[in-house]
Amino acid sequence: MDILIAEDDRTSATVLSETLRRMGHRVTATPDGLDAWSRFQDIPPDVVITDWIMPGMDGLELCQRIRSHHTQRYPYILILTALTGKERFLEGMDAGADDYLTKPFDPDELAARLRVAERILGLTEEVRRLEGLLPICSYCKRIRDQADRWTTIESYITERCDASFTHSICPSCYQTEVEMKLGEMTGG
């Protein structure tokens, strides 16, 4: 997975980066939340691992910005911090983190949590793909919407975007539909 680290302590960032690389991940380490936010906007990673307390932008604000920023794929966020306690954990989750791990981290526990991240990312990708499928009638070409109503393709699309339609007849349909009906009407 592509992992972005936001960690202001150079030693902690190096240890974490090397541990993740040994696990087979691609790692980008940044020295603070501001730099991590900038990198995130350029190329969103699969996972963000952020410290809580950093200069400029702390880990909670980074979580909140990531969650308010629309990306095509869901980014998994793990807070890795020395701060402990139920209140801190809940505050991190409320800010948008998916997981919380305290320092010093255990590499086996980190690896297990990243396997969970991988499963969740896989499931969110599957849901995104399935949401992109439109149930369409094979005969009339109407689409079933989320309220289980059948509507025309034109109605479905114009309700969801700025598209508008004009109607025409393609050459193949002209031959098989229009010419045939004209022939029937004229007796030909």
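Which residue is farthest from residue 93 (Cα to Cα), if the candidates are limited to the stretch 25-38 and must be surrounded by 17 or more Cβ atoms within 10 Å (Cβ to Cβ) and among the charged types (D, E, K, R)?
My answer is 35.
Out of curiosity, is residue 177 more than 17 Å from residue 133 (Cα to Cα) and surrounded by 10 or more Cβ atoms within 10 Å (Cβ to Cβ)?
Working: more than 17 Å from residue 133 (Cα to Cα): yes; surrounded by 10 or more Cβ atoms within 10 Å (Cβ to Cβ): yes.
Criteria met by residue 177.
When both residues are 6+ apart or on different chains and their Cβ atoms are under 6 Å apart, which pairs have a first residue that lies in the stretch 110-134 and is over 30 Å from residue 152 (Cβ atoms), and a second that is surrounded by 14 or more Cβ atoms within 10 Å (Cβ to Cβ) and modelled with pLDDT of 85 or more?
111/23; 113/99; 117/47; 117/76; 121/46; 121/76; 124/74
Please go through (1) touching a residue at least 24 places away in the same chain (Cβ under 8 Å); (2) at negative phi for residue 22 and return the number of the only condition it doesn't satisfy.
Here residue 22 meets the rest and fails (1).
Please go through the stretch 31-40 and give me each residue that is of a type outside the set (Ser, Thr, Tyr) and either farther than 16 Å from residue 96 by Cβ or more than 15 Å from the chain's Cα centre (by Cα) (or both), ordered by number.
Applying the first criterion (of a type outside the set (Ser, Thr, Tyr)) to the stretch 31-40 yields 31-37, 39-40.
Hits for the stretch 31-40 are 31, 32, 33, 34, 35, 36, 37, 39.
Could you tell me whether any residue of the stretch 2-24 is surrounded by fewer than 17 Cβ atoms within 10 Å (Cβ to Cβ), within 20 Å of the chain's Cα centre (by Cα) and either part of a loop (DSSP other than H, G, I, E, B) or among the hydrophobic types (A, V, I, L, M, F, W, C) (or both)? Even if it seems obvious, please write down each step before you answer.
Quick first cut of the stretch 2-24, residues surrounded by fewer than 17 Cβ atoms within 10 Å (Cβ to Cβ) only: 2, 9-11, 14-15, 18-19, 21-24.
Those still in the list that are within 20 Å of the chain's Cα centre (by Cα) too: 2.
Cutting the leftovers down to either part of a loop (DSSP other than H, G, I, E, B) or among the hydrophobic types (A, V, I, L, M, F, W, C) (or both) gives us none.
Taking every residue of the stretch 2-24 in turn, none turns out to be surrounded by fewer than 17 Cβ atoms within 10 Å (Cβ to Cβ), within 20 Å of the chain's Cα centre (by Cα) and either part of a loop (DSSP other than H, G, I, E, B) or among the hydrophobic types (A, V, I, L, M, F, W, C) (or both).
Which is acidic (Asp, Glu), surrounded by 10 or more Cβ atoms within 10 Å (Cβ to Cβ) and over 30 Å from residue 8 (Cα atoms), of 61, 126?
Details: 61 fails: over 30 Å from residue 8 (Cα atoms).
The conditions single out 126.
Check the stretch 108-116 and report whether any residue there is modelled with pLDDT of 95 or more, within 22 Å of residue 37 (Cα to Cα), surrounded by 13 or more Cβ atoms within 10 Å (Cβ to Cβ) and not charged (D, E, K, R).
Taking the stretch 108-116 as the starting set, the residues that turn out to be modelled with pLDDT of 95 or more are 108-116.
Next, from what is left, pick out any that are within 22 Å of residue 37 (Cα to Cα): 114.
Filter again for surrounded by 13 or more Cβ atoms within 10 Å (Cβ to Cβ), leaving 114.
Then keep just the ones that are not charged (D, E, K, R); that gives 114.
For the stretch 108-116, residues modelled with pLDDT of 95 or more, within 22 Å of residue 37 (Cα to Cα), surrounded by 13 or more Cβ atoms within 10 Å (Cβ to Cβ) and not charged (D, E, K, R): present.
Among the acidic types (Asp, Glu) and exposed (fewer than 14 other Cβ atoms within 10 Å of the Cβ), is that true of residue 46? It would help to see each step written out before you state the result.
Working: among the acidic types (Asp, Glu): yes; exposed (fewer than 14 other Cβ atoms within 10 Å of the Cβ): no.
Here the answer is no, as residue 46 does not meet what is asked.
Quick one: which helices (runs of 4 or more DSSP H) sit completely within the stretch 71-188 and have at least 3 residues that are among the β-branched types (Val, Ile, Thr) and under 27 Å from the mean Cα position of the chain (by Cα)? Full working, then the answer.
Values: elements: 86-94, 107-131, 153-160, 180-186.
It comes to 107-131, 153-160.
From the list 142, 160, which residue is more than 17 Å from residue 47 (Cβ to Cβ), loosely packed, with under 11 Cβ neighbours inside 10 Å, without any contact (Cβ under 8 Å) to a residue 12 or more places away in the chain and of a type in the set (Lys, Arg)?
Details: 142 fails: loosely packed, with under 11 Cβ neighbours inside 10 Å.
Selected residue: 160, the only one of 142, 160 that is more than 17 Å from residue 47 (Cβ to Cβ), loosely packed, with under 11 Cβ neighbours inside 10 Å, without any contact (Cβ under 8 Å) to a residue 12 or more places away in the chain and of a type in the set (Lys, Arg).
The values are calculated or read from the model by the stated rules, or taken from the named source; none is laboratory data. Given the structure is predicted, the values throughout are model-derived calculations rather than measurements. Reconstructed Cβ throughout: ideal geometry from the backbone, glycine too, with neighbour counts over all protein chains shown.
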